[in-house]
Amino acid sequence: MPRLLGWASLCLMLALCCAPVRAQRRGGKRPPAPVKKPIELIARVEPDTSLEEGGFKANFPDVPRRSVSRNETGLGSPDIIEYTLDWGEVQYLVDFQDYQVSITDPSQLKASYDKQSQFMRNNPVFKIVRERDVTLDGRPGREVVVELEGNIFWMRRFIFNQRNYKVEFVVAKDGKDTASIVNKWEKKATEFLDSFKVVKLPPPPATPLTLDVKSLPANFWGKVNDSTYTNEFFGFSLSIPPSWHVMRETDGELVISGRSETSRKPVESGVDSVVTIFGLTRLPFGEVNNASFLFLAEKLPSASITADEYARAGHHLASVTMPDVILHEIHPIKLGGTDFATFTVEMKRSELLIKQKVYMTTRKGFGLSLIIGYADEKELPTLNGIIESLKFQ
(Lines give C-alpha, C1' and ligand atoms only; values in the text may rest on other atoms or scores of the structure.)
Protein backbone atom coordinates (compact mmCIF):
# COMPACT_ATOMS: atom_id res chain seq x y z
CA MET A 1 0.00 0.00 0.00
CA PRO A 2 1.45 3.41 -0.83
CA ARG A 3 1.53 6.07 1.82
CA LEU A 4 -1.86 7.82 2.02
CA LEU A 5 -0.93 10.74 4.25
CA GLY A 6 -2.10 13.76 2.26
CA TRP A 7 -5.20 14.88 4.12
CA ALA A 8 -4.30 12.94 7.24
CA SER A 9 -0.94 14.64 7.69
CA LEU A 10 -2.50 18.06 7.22
CA CYS A 11 -5.07 17.63 9.96
CA LEU A 12 -4.33 14.74 12.29
CA MET A 13 -1.70 13.26 14.62
CA LEU A 14 -0.32 9.84 13.69
CA ALA A 15 -1.09 6.93 16.01
CA LEU A 16 -1.82 3.25 15.66
CA CYS A 17 -5.16 1.83 16.68
CA CYS A 18 -5.91 -1.49 18.24
CA ALA A 19 -5.81 -4.84 16.61
CA PRO A 20 -9.08 -6.76 16.66
CA VAL A 21 -9.90 -8.78 19.77
CA ARG A 22 -11.26 -12.28 19.23
CA ALA A 23 -14.55 -13.09 20.92
CA GLN A 24 -13.78 -16.56 22.18
CA ARG A 25 -11.38 -19.44 22.30
CA ARG A 26 -11.27 -21.96 19.54
CA GLY A 27 -12.73 -25.39 20.28
CA GLY A 28 -11.25 -28.82 19.70
CA LYS A 29 -10.02 -31.80 21.65
CA ARG A 30 -7.73 -31.16 24.53
CA PRO A 31 -4.14 -32.15 23.77
CA PRO A 32 -1.97 -34.18 26.12
CA ALA A 33 -0.63 -32.71 29.33
CA PRO A 34 2.07 -30.07 28.76
CA VAL A 35 5.69 -31.06 28.58
CA LYS A 36 7.70 -29.98 31.57
CA LYS A 37 10.05 -27.67 29.69
CA PRO A 38 8.45 -24.97 27.49
CA ILE A 39 9.62 -24.58 23.92
CA GLU A 40 11.14 -21.19 23.08
CA LEU A 41 9.70 -20.37 19.68
CA ILE A 42 11.15 -17.93 17.18
CA ALA A 43 8.73 -17.60 14.28
CA ARG A 44 10.37 -18.15 10.91
CA VAL A 45 9.38 -17.45 7.33
CA GLU A 46 10.54 -20.89 6.18
CA PRO A 47 11.70 -23.90 8.19
CA ASP A 48 15.09 -23.98 6.48
CA THR A 49 16.03 -20.33 7.08
CA SER A 50 17.06 -18.34 10.13
CA LEU A 51 15.01 -15.27 9.20
CA GLU A 52 12.62 -14.41 12.01
CA GLU A 53 9.23 -13.61 10.52
CA GLY A 54 7.87 -11.61 13.40
CA GLY A 55 11.14 -10.93 15.15
CA PHE A 56 9.84 -12.28 18.47
CA LYS A 57 10.13 -15.21 20.80
CA ALA A 58 7.72 -16.59 23.40
CA ASN A 59 7.51 -19.69 25.57
CA PHE A 60 4.71 -21.85 24.17
CA PRO A 61 4.15 -25.30 25.75
CA ASP A 62 4.34 -26.79 22.25
CA VAL A 63 4.69 -25.63 18.66
CA PRO A 64 1.73 -23.34 17.82
CA ARG A 65 -0.13 -23.27 14.54
CA ARG A 66 0.37 -20.33 12.18
CA SER A 67 -2.50 -18.60 10.41
CA VAL A 68 -2.90 -15.47 8.31
CA SER A 69 -5.95 -13.26 8.07
CA ARG A 70 -6.29 -10.79 5.23
CA ASN A 71 -8.34 -7.66 4.68
CA GLU A 72 -8.06 -6.67 1.04
CA THR A 73 -8.40 -2.96 0.23
CA GLY A 74 -7.33 -2.87 -3.42
CA LEU A 75 -4.01 -1.33 -2.46
CA GLY A 76 -3.34 -4.17 -0.05
CA SER A 77 -3.46 -4.16 3.74
CA PRO A 78 -1.37 -5.55 6.54
CA ASP A 79 -1.71 -9.27 7.09
CA ILE A 80 -2.32 -10.36 10.67
CA ILE A 81 0.11 -13.21 11.35
CA GLU A 82 -1.14 -15.28 14.26
CA TYR A 83 0.49 -18.08 16.27
CA THR A 84 -2.04 -19.98 18.40
CA LEU A 85 -1.87 -23.02 20.66
CA ASP A 86 -4.85 -24.63 22.40
CA TRP A 87 -3.30 -26.51 25.33
CA GLY A 88 -5.47 -28.07 27.99
CA GLU A 89 -7.68 -25.38 29.47
CA VAL A 90 -5.59 -22.55 27.99
CA GLN A 91 -5.17 -20.84 24.66
CA TYR A 92 -1.81 -19.15 24.00
CA LEU A 93 -1.52 -16.55 21.25
CA VAL A 94 0.92 -14.08 19.73
CA ASP A 95 0.01 -12.10 16.64
CA PHE A 96 1.50 -9.15 14.80
CA GLN A 97 0.85 -6.89 11.86
CA ASP A 98 2.90 -4.23 10.11
CA TYR A 99 1.64 -0.85 9.00
CA GLN A 100 3.26 1.74 6.75
CA VAL A 101 3.69 4.26 9.52
CA SER A 102 6.29 3.98 12.25
CA ILE A 103 5.11 5.07 15.70
CA THR A 104 7.76 5.85 18.31
CA ASP A 105 6.50 8.93 20.15
CA PRO A 106 5.39 7.90 23.68
CA SER A 107 2.34 10.18 23.61
CA GLN A 108 1.14 8.63 20.35
CA LEU A 109 1.69 5.13 21.72
CA LYS A 110 -0.26 5.99 24.85
CA ALA A 111 -3.08 7.43 22.71
CA SER A 112 -3.23 4.17 20.77
CA TYR A 113 -3.46 2.02 23.90
CA ASP A 114 -5.98 4.39 25.44
CA LYS A 115 -8.18 4.12 22.36
CA GLN A 116 -8.34 0.33 22.67
CA SER A 117 -9.21 0.60 26.35
CA GLN A 118 -11.89 3.20 25.63
CA PHE A 119 -13.38 0.94 22.96
CA MET A 120 -13.72 -1.88 25.49
CA ARG A 121 -15.21 0.41 28.14
CA ASN A 122 -17.81 1.65 25.66
CA ASN A 123 -18.75 -1.85 24.55
CA PRO A 124 -20.95 -3.76 27.04
CA VAL A 125 -19.65 -7.19 25.95
CA PHE A 126 -16.29 -6.35 27.58
CA LYS A 127 -15.73 -6.25 31.32
CA ILE A 128 -12.30 -4.91 32.22
CA VAL A 129 -10.96 -6.65 35.32
CA ARG A 130 -7.62 -4.86 35.49
CA GLU A 131 -5.48 -2.58 33.39
CA ARG A 132 -1.93 -1.29 33.74
CA ASP A 133 0.95 0.19 31.77
CA VAL A 134 3.93 -2.09 31.10
CA THR A 135 7.26 -1.75 29.33
CA LEU A 136 9.37 -4.00 27.13
CA ASP A 137 12.97 -3.03 26.43
CA GLY A 138 12.13 0.49 27.54
CA ARG A 139 9.14 0.81 25.20
CA PRO A 140 5.67 1.44 26.59
CA GLY A 141 2.92 -1.15 26.33
CA ARG A 142 -0.42 -1.93 27.88
CA GLU A 143 -1.72 -4.96 29.79
CA VAL A 144 -5.44 -5.59 30.17
CA VAL A 145 -7.26 -8.43 31.89
CA VAL A 146 -10.77 -8.59 30.49
CA GLU A 147 -13.81 -10.84 30.64
CA LEU A 148 -15.42 -11.47 27.27
CA GLU A 149 -18.23 -13.91 26.46
CA GLY A 150 -17.36 -16.49 29.11
CA ASN A 151 -13.58 -16.23 28.79
CA ILE A 152 -10.87 -14.39 30.71
CA PHE A 153 -8.20 -12.75 28.54
CA TRP A 154 -4.81 -11.62 29.76
CA MET A 155 -3.59 -9.32 26.95
CA ARG A 156 -0.49 -7.27 26.36
CA ARG A 157 0.06 -4.98 23.44
CA PHE A 158 3.32 -3.47 22.21
CA ILE A 159 4.12 -1.29 19.22
CA PHE A 160 7.69 -1.43 17.91
CA ASN A 161 8.08 1.08 15.09
CA GLN A 162 5.37 0.06 12.60
CA ARG A 163 4.83 -3.42 14.06
CA ASN A 164 1.87 -4.04 16.35
CA TYR A 165 2.19 -7.09 18.65
CA LYS A 166 -0.55 -8.67 20.74
CA VAL A 167 0.13 -11.41 23.32
CA GLU A 168 -2.76 -13.32 24.90
CA PHE A 169 -3.39 -15.99 27.51
CA VAL A 170 -7.05 -17.12 27.47
CA VAL A 171 -9.01 -19.33 29.88
CA ALA A 172 -12.70 -20.28 29.80
CA LYS A 173 -14.69 -19.41 32.96
CA ASP A 174 -16.79 -22.60 32.78
CA GLY A 175 -19.39 -21.03 35.07
CA LYS A 176 -16.91 -20.06 37.78
CA ASP A 177 -16.59 -16.54 39.18
CA THR A 178 -14.07 -14.20 37.62
CA ALA A 179 -12.01 -13.61 40.78
CA SER A 180 -11.34 -17.31 41.35
CA ILE A 181 -10.28 -17.81 37.71
CA VAL A 182 -7.95 -14.82 37.84
CA ASN A 183 -6.39 -16.00 41.10
CA LYS A 184 -5.91 -19.53 39.79
CA TRP A 185 -4.27 -18.59 36.48
CA GLU A 186 -2.56 -15.28 37.26
CA LYS A 187 0.91 -16.75 37.74
CA LYS A 188 0.73 -18.92 34.63
CA ALA A 189 -0.60 -16.06 32.52
CA THR A 190 2.12 -13.71 33.75
CA GLU A 191 4.84 -16.27 32.96
CA PHE A 192 3.67 -16.50 29.35
CA LEU A 193 3.24 -12.76 28.91
CA ASP A 194 6.67 -12.12 30.44
CA SER A 195 8.25 -14.68 28.10
CA PHE A 196 7.43 -12.54 25.07
CA LYS A 197 10.53 -10.74 23.74
CA VAL A 198 11.26 -8.80 20.57
CA VAL A 199 14.54 -10.14 19.21
CA LYS A 200 14.66 -8.25 15.93
CA LEU A 201 13.17 -4.86 15.10
CA PRO A 202 11.17 -4.66 11.87
CA PRO A 203 12.80 -2.90 8.92
CA PRO A 204 11.57 0.63 8.14
CA PRO A 205 8.31 0.90 6.20
CA ALA A 206 8.63 0.65 2.45
CA THR A 207 9.51 3.90 0.72
CA PRO A 208 6.33 5.34 -0.77
CA LEU A 209 5.94 6.09 -4.45
CA THR A 210 7.25 9.54 -5.25
CA LEU A 211 6.85 12.07 -8.02
CA ASP A 212 9.18 14.88 -9.00
CA VAL A 213 7.00 17.98 -8.84
CA LYS A 214 9.52 19.92 -10.92
CA SER A 215 9.08 17.58 -13.87
CA LEU A 216 5.27 17.62 -13.97
CA PRO A 217 3.58 19.41 -16.87
CA ALA A 218 2.35 22.96 -16.27
CA ASN A 219 -1.30 21.97 -16.66
CA PHE A 220 -0.94 19.48 -13.76
CA TRP A 221 -1.44 22.38 -11.33
CA GLY A 222 -4.44 23.94 -13.03
CA LYS A 223 -5.32 27.62 -13.26
CA VAL A 224 -7.74 30.12 -11.75
CA ASN A 225 -9.81 32.31 -14.06
CA ASP A 226 -12.18 34.66 -12.24
CA SER A 227 -14.45 32.35 -10.20
CA THR A 228 -13.44 29.06 -11.84
CA TYR A 229 -10.59 26.64 -11.21
CA THR A 230 -9.71 24.46 -14.22
CA ASN A 231 -7.32 21.51 -14.29
CA GLU A 232 -6.61 20.37 -17.85
CA PHE A 233 -4.34 17.51 -16.76
CA PHE A 234 -7.08 15.75 -14.79
CA GLY A 235 -9.83 17.17 -16.99
CA PHE A 236 -12.16 18.93 -14.56
CA SER A 237 -13.29 22.34 -13.37
CA LEU A 238 -15.10 23.72 -10.31
CA SER A 239 -16.51 27.00 -9.05
CA ILE A 240 -14.88 29.27 -6.45
CA PRO A 241 -17.27 30.97 -3.99
CA PRO A 242 -17.10 34.80 -3.91
CA SER A 243 -14.48 36.28 -1.56
CA TRP A 244 -12.92 32.91 -0.73
CA HIS A 245 -9.13 32.69 -0.53
CA VAL A 246 -7.15 30.58 -2.98
CA MET A 247 -4.26 28.27 -2.13
CA ARG A 248 -2.51 26.44 -4.95
CA GLU A 249 0.79 24.73 -5.62
CA THR A 250 2.71 25.53 -8.79
CA ASP A 251 6.06 24.08 -9.76
CA GLY A 252 6.83 23.10 -6.19
CA GLU A 253 5.78 26.40 -4.60
CA LEU A 254 2.72 26.83 -2.44
CA VAL A 255 0.95 30.10 -3.20
CA ILE A 256 -1.37 31.37 -0.48
CA SER A 257 -3.49 34.47 -1.05
CA GLY A 258 -5.24 36.35 1.72
CA ARG A 259 -5.75 39.84 3.11
CA SER A 260 -4.85 41.35 -0.25
CA GLU A 261 -1.33 39.95 -0.09
CA THR A 262 0.35 36.85 -1.53
CA SER A 263 3.19 34.95 0.13
CA ARG A 264 5.35 32.27 -1.51
CA LYS A 265 6.50 29.28 0.52
CA PRO A 266 8.93 26.96 -1.26
CA VAL A 267 8.21 23.25 -0.83
CA GLU A 268 10.92 21.65 1.31
CA SER A 269 11.67 18.99 -1.29
CA GLY A 270 10.99 18.75 -4.98
CA VAL A 271 10.11 15.06 -4.55
CA ASP A 272 6.98 13.93 -2.72
CA SER A 273 4.25 11.32 -2.90
CA VAL A 274 1.26 13.52 -2.11
CA VAL A 275 0.83 17.10 -3.28
CA THR A 276 -1.73 19.75 -2.43
CA ILE A 277 -2.66 21.04 -5.86
CA PHE A 278 -5.40 23.48 -4.97
CA GLY A 279 -7.28 24.74 -1.95
CA LEU A 280 -9.83 27.29 -0.80
CA THR A 281 -10.53 28.84 2.61
CA ARG A 282 -13.38 31.12 3.63
CA LEU A 283 -11.13 33.11 5.97
CA PRO A 284 -7.43 33.83 5.37
CA PHE A 285 -5.31 30.71 5.69
CA GLY A 286 -4.48 29.87 9.32
CA GLU A 287 -7.49 31.59 10.87
CA VAL A 288 -9.43 29.78 13.61
CA ASN A 289 -12.85 28.24 12.87
CA ASN A 290 -12.19 28.33 9.15
CA ALA A 291 -13.94 26.42 6.38
CA SER A 292 -11.78 24.82 3.72
CA PHE A 293 -11.63 22.84 0.50
CA LEU A 294 -8.53 20.87 -0.52
CA PHE A 295 -7.61 19.01 -3.70
CA LEU A 296 -4.78 16.48 -3.26
CA ALA A 297 -3.11 14.10 -5.72
CA GLU A 298 -1.05 10.99 -4.99
CA LYS A 299 0.90 8.76 -7.36
CA LEU A 300 -0.54 5.21 -7.36
CA PRO A 301 1.23 1.88 -8.01
CA SER A 302 -1.36 0.88 -10.62
CA ALA A 303 -3.68 2.74 -12.98
CA SER A 304 -6.29 -0.03 -12.56
CA ILE A 305 -7.11 0.88 -8.95
CA THR A 306 -10.75 1.97 -8.61
CA ALA A 307 -12.26 4.81 -6.60
CA ASP A 308 -13.75 2.33 -4.10
CA GLU A 309 -10.43 0.50 -3.66
CA TYR A 310 -8.55 3.76 -3.18
CA ALA A 311 -11.07 5.02 -0.63
CA ARG A 312 -11.01 1.73 1.28
CA ALA A 313 -7.23 1.91 1.48
CA GLY A 314 -7.38 5.50 2.72
CA HIS A 315 -10.14 4.68 5.20
CA HIS A 316 -8.20 1.64 6.48
CA LEU A 317 -4.98 3.59 6.93
CA ALA A 318 -6.86 6.39 8.67
CA SER A 319 -8.33 3.83 11.06
CA VAL A 320 -4.85 2.70 12.10
CA THR A 321 -3.06 6.05 12.13
CA MET A 322 -5.55 8.36 13.84
CA PRO A 323 -6.21 7.66 17.51
CA ASP A 324 -8.87 10.26 18.24
CA VAL A 325 -11.20 10.47 15.25
CA ILE A 326 -14.54 8.96 14.25
CA LEU A 327 -14.60 7.44 10.77
CA HIS A 328 -17.96 6.88 9.12
CA GLU A 329 -18.76 4.28 6.48
CA ILE A 330 -17.74 4.57 2.83
CA HIS A 331 -20.44 5.28 0.25
CA PRO A 332 -20.28 5.48 -3.56
CA ILE A 333 -21.21 8.79 -5.21
CA LYS A 334 -21.20 10.37 -8.67
CA LEU A 335 -19.55 13.78 -8.98
CA GLY A 336 -19.49 15.48 -12.35
CA GLY A 337 -20.31 12.16 -13.99
CA THR A 338 -17.30 10.41 -12.40
CA ASP A 339 -17.31 7.63 -9.79
CA PHE A 340 -16.12 8.70 -6.34
CA ALA A 341 -16.24 7.09 -2.90
CA THR A 342 -16.87 9.25 0.14
CA PHE A 343 -16.71 9.06 3.93
CA THR A 344 -16.91 11.52 6.82
CA VAL A 345 -14.30 12.14 9.52
CA GLU A 346 -15.02 13.81 12.88
CA MET A 347 -12.38 15.07 15.28
CA LYS A 348 -12.24 17.23 18.39
CA ARG A 349 -9.73 20.09 18.35
CA SER A 350 -9.72 22.21 21.52
CA GLU A 351 -13.41 22.99 22.00
CA LEU A 352 -14.33 22.58 18.33
CA LEU A 353 -15.85 19.53 16.67
CA ILE A 354 -14.30 19.56 13.20
CA LYS A 355 -15.84 17.56 10.39
CA GLN A 356 -14.32 16.55 7.09
CA LYS A 357 -16.01 14.98 4.09
CA VAL A 358 -13.53 13.11 1.94
CA TYR A 359 -14.25 12.31 -1.72
CA MET A 360 -11.75 9.98 -3.41
CA THR A 361 -11.32 8.78 -6.98
CA THR A 362 -8.55 7.72 -9.37
CA ARG A 363 -7.54 9.24 -12.69
CA LYS A 364 -4.51 8.91 -15.00
CA GLY A 365 -2.58 6.80 -12.48
CA PHE A 366 -3.18 9.22 -9.60
CA GLY A 367 -5.39 9.06 -6.53
CA LEU A 368 -7.41 12.25 -6.15
CA SER A 369 -8.84 13.44 -2.83
CA LEU A 370 -11.28 16.31 -2.48
CA ILE A 371 -11.77 17.29 1.16
CA ILE A 372 -14.12 19.82 2.68
CA GLY A 373 -13.57 20.79 6.31
CA TYR A 374 -15.73 22.83 8.67
CA ALA A 375 -16.66 23.38 12.32
CA ASP A 376 -19.88 25.31 11.70
CA GLU A 377 -22.77 23.55 9.93
CA LYS A 378 -23.67 26.90 8.33
CA GLU A 379 -20.60 26.47 6.09
CA LEU A 380 -21.91 23.23 4.63
CA PRO A 381 -24.16 24.64 1.85
CA THR A 382 -21.27 26.66 0.40
CA LEU A 383 -18.86 23.74 0.64
CA ASN A 384 -21.38 21.37 -0.90
CA GLY A 385 -21.80 23.90 -3.68
CA ILE A 386 -18.08 23.59 -4.51
CA ILE A 387 -18.38 19.80 -4.69
CA GLU A 388 -21.57 19.93 -6.75
CA SER A 389 -19.99 22.37 -9.23
CA LEU A 390 -17.38 19.77 -10.17
CA LYS A 391 -17.46 18.97 -13.90
CA PHE A 392 -15.28 16.38 -15.67
CA GLN A 393 -14.54 16.47 -19.38
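The values are calculated or read from the model by the stated rules, or taken from the named source; none is laboratory data. Keep in mind the model is a prediction, meaning the values are calculated, not measured. Positions of Cβ are backbone-derived with ideal geometry, glycine not excepted, and every protein chain shown enters the neighbour counts. Ligands, DNA and RNA are excluded from the accessible area calculation, which covers all protein heavy atoms including side chains. Shrake-Rupley method; radii C 1.70, N 1.55, O 1.52, S 1.80 Å.
Here are the numbers for this structure:
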| item | result |
| --- | --- |
| Qualifying residue in segment 191-202 (condition: more than 30 Å from G365 (Cβ to Cβ), of a type in the set (G, A, S), open to solvent by less than 70 Å² (accessible area, probe 1.4 Å) and without any contact (Cβ under 8 Å) to a residue 40 or more places away in the chain) | no |
| Extreme residue, modelled with the lowest pLDDT, among residues of segment 206-229 that are in contact with a strand residue (DSSP E or B) (Cβ under 7 Å, 6 or more places away or on another chain) and crowded, with 16+ Cβ neighbours inside 10 Å | L211 |
| Members of segment 171-205 found to be assigned to a loop (DSSP other than H, G, I, E, B), at negative phi and not basic (K, R), listed by number | D177, F196, V199, L201, P202, P203, P204, P205 |
| Breaking point among (1) free of Cβ contacts under 8 Å to residues at least 60 places away in the same chain; (2) open to solvent by 10 Å² or more (accessible area, probe 1.4 Å); (3) assigned to a helix (DSSP H, G or I), for F285 | (3) |
| Residues being touching a helix residue (DSSP H, G or I) at 6+ places or on another chain (Cβ under 6 Å) and at pLDDT 85 or above - total across segment 97-127 | 1 |
| Members of segment 347-376 that are in a loop (DSSP other than H, G, I, E, B), open to solvent by 50 Å² or more (accessible area, probe 1.4 Å) and under 20 Å from W221 (Cα atoms) | K364 |
| For E329: the one exception among (1) of a type outside the set (K, R); (2) open to solvent by 30 Å² or more (accessible area, probe 1.4 Å); (3) in contact with a Phe, Trp or Tyr (Cβ under 8 Å, 6 or more places away or on another chain); (4) touching a residue at least 24 places away in the same chain (Cβ under 8 Å) | (4) |
| Matching entry among I152, I159 (being farther than 23 Å from H315 by Cα and aliphatic (A, V, I, L, M)) | I152 |
| Residue in segment 298-319 that is touching a Lys or Arg at 6+ places or on another chain (Cβ under 7 Å) and of a type in the set (S, T, Y) present | no |
| Check on R130, among the basic types (K, R) and not in a helix (DSSP H, G or I) | yes |
| Test set (1) modelled with pLDDT under 75; (2) open to solvent by 20 Å² or more (accessible area, probe 1.4 Å) - G252 fails condition number | (2) |
| Only one of A318, A341, A311, A297 that is assigned to a helix (DSSP H, G or I), at pLDDT 85 or above and open to solvent by less than 60 Å² (accessible area, probe 1.4 Å) | A311 |
| Where I386 falls short, out of the listed (1) open to solvent by less than 60 Å² (accessible area, probe 1.4 Å); (2) part of a strand (DSSP E or B); (3) touching a strand residue (DSSP E or B) at 6+ places or on another chain (Cβ under 6 Å) | (2) |
| Check on I152, free of Cβ contacts under 8 Å to residues at least 40 places away in the same chain, surrounded by 19 or more Cβ atoms within 10 Å (Cβ to Cβ) and either outside any loop (DSSP other than H, G, I, E, B) or in contact with a helix residue (DSSP H, G or I) (Cβ under 8 Å, 6 or more places away or on another chain) (or both) | yes |
| The lone exception for S304 - which of (1) without any contact (Cβ under 8 Å) to a residue 12 or more places away in the chain; (2) among the hydroxyl-bearing types (S, T, Y); (3) in a strand (DSSP E or B) it fails | (3) |
